[in-house]
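Remarks on the structure that follows.
Nothing in this text is a laboratory measurement; each read-out follows from the coordinates by a stated rule. Owing to the predicted nature of the structure, the values given are computational and were not obtained by experimental measurement. Cβ coordinates were reconstructed from backbone atoms using ideal geometry, including for glycine residues, and neighbour counts include every protein chain displayed.
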Amino acid sequence: MNRIDLKFKELKGKNEKAMISFITAGDPNFEVTEKLVYSMEEAGADIVELGIPYSDPIADGPIIQKSSARSLKNGTTIAKIMDSVENIRLKTEIPLVYLVYYNSVFKYGIEKFISQCSKVGIDGIIIPDLPIEERADILKIAGKYDVSLIPLIAPTSKERIKKIVTNASGFIYCVSTNGVTGTRNKINTNIKEYMDIVSRYTDIPKAIGFGISNAEMAKEMKPYCDGVIIGSAIVKKVDETENEEEIIKNVKAFIKDVKAVL
C-alpha cells in the first residue's frame with residue numbers, strides 16, 4: 001500500500017472524506033509551493049496535487065492556465081519540481097500526486113520521469129490527456145515503481161468507464177461536469193447517478209473534482225464520493241495577492257473550511 005491507499009484506509013476508519021487540494025508547482029515560487037504544502041496539511045488537506053505547468057493545458061480553465069504561465073515564466077522545470085518534492089518529503093508524509101500532461105512526460109522520458117517520481121516521494125500521477133488506448137506502457141512502468149496511475153472519468157465516459165478503471169490504482173478522478181477546470185456556482189450533472197455507474201465497475205476510492213469552489217459545494221458532494229478535489233478556487237487565492245504570508249494564510253483558511261464539512 002502506498003501513501004494514497006493508507007490515507008483512504010485511515011479516513012474510512014474515521015468516517016471522513018478526503019480533502020484533495022491542487023496547486024501549481026513553482027507559482028509564485030518554490031519556497032511558497034513548499035510552505036503551501038505544509039500549511040494545507042496543517043489545515044486538514046489529506047492529499048496534495050502538484051500541477052506540473054504546461055504551455056497548453058487542455059483540461060484547465062483560465063485560472064490554472066494563468067498559474068501555469070506564471071510558473072513557466074519563473075523558469076520552472078520538471079527537474080526543479082522533483083528537487084522541491086525531495087525537500088517537501090524531509091518534513092511531511094502527506095500523499096503527493098502530480099498532475100502532468102503527456103507531452104511533458106514523453107519529452108522527459110517516461111521511465112526516467114516515473115522512476116524519479118518514486119525516488120523523490122510522489123505517490124501517484126494524473127495525466128489528463130492520456131487516452132486508455134495509449135496507457136499500457138505507462139501502467140507497466142508505474143506498477144514497477146509503485147506509482148499510482150490515477151485515471152480521469154467524465155460524465156460522458158459512460159460505456160468506457162469499465163475500461164478506464166481497469167488496472168487503476170490510488171483513486172478515480174471523477175470529473176463532475178463536462179468542460180475544463182474552473183470555479184462554478186452550480187454543478188448540473190446528476191452526481192448520484194454518475195457515481196453509481198462508476199461504483200458498479202470499481203471499489204477503488206472515488207474523488208470528485210472540477211468546479212467545486214467552496215465548503216457548501218464540497219458538502220453536497222460528500223455523500224457520493226470518498227473525496228473532493230479543489231484546484232481553481234485555491235489557485236485563485238494564490239493569484240489574489242503578491243504578499244506571500246497572505247497567500248498562505250488565505251489558502252489555509254479555505255482548506256480548513258472545506259475539511260470541516262468532510
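Here are the numbers for the structure shown:
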| item | result |
| --- | --- |
| Highest average packing first - 125-132, 136-143, Cβ atoms within 10 Å | 125-132, 136-143 |
| Gain upon complete extension [Asp257, Lys112; 0.36 nm per residue less C-alpha separation] | 48.4 nm |
| Packing-based exposure ordering (other Cβ within 10 Å, fewest first) of Thr166, Thr33, Thr202 | Thr166, Thr202, Thr33 |
| Proximal charge balance of Lys12 [Cβ under 13 Å; K/R count +1, D/E count -1] | -1 |
| Most positive-pole-ward Cα, Ser71, Met221, Ser199, against dipole of the chain from beta carbon charges | Ser199 |
| Distance in nm between pseudo-label sites at Asp137 and Asp83 (7 Å out along the Cβ direction from Cα) | 2.9 |
| Principal axis box of the stretch 88-130, alpha-carbon based, largest edge first, Å | 31, 19, 11 |
| Computed over the chain: relative contact order in percent, which uses C-alpha pairs under 8 Å that are six or more apart | 24 |
| Across Lys119/Lys163; Lys35/Lys73; Lys206/Lys256, pairs whose alpha-carbon gap is larger than 24 Å | Lys119/Lys163 |
| Alpha-carbon centroid distance for the pair the stretch 10-87 / the stretch 126-141, whole angstrom | 21 |
| J(HN,Hα) series, the stretch 154-160, from Karplus relation 6.51 cos²θ - 1.76 cosθ + 1.60, nearest Hz, glycine and proline x | 10, x, 8, 5, 5, 5, 8 |
| Kirkwood hydrodynamic radius of the stretch 1-57, Cα pairs, Å | 12.6 |
| Within the chain, helix-based [θ] at 222 nm, where runs of 4 or more DSSP H residues each add -39,500 (n - 2.57), nearest 500 | -14000 deg cm²/dmol |
| Shape category assigned to the stretch 54-165 from the gyration tensor of Cα positions, a/c cut at 1.5 | oblate |
| Computed lengthening from Asn29 to Ser199, 0.36 nm per intervening residue step minus Cα-Cα distance | 57.3 nm |
| Rounded if a/c under 1.5, otherwise prolate or oblate - the stretch 103-262, Cα gyration tensor axes | oblate |
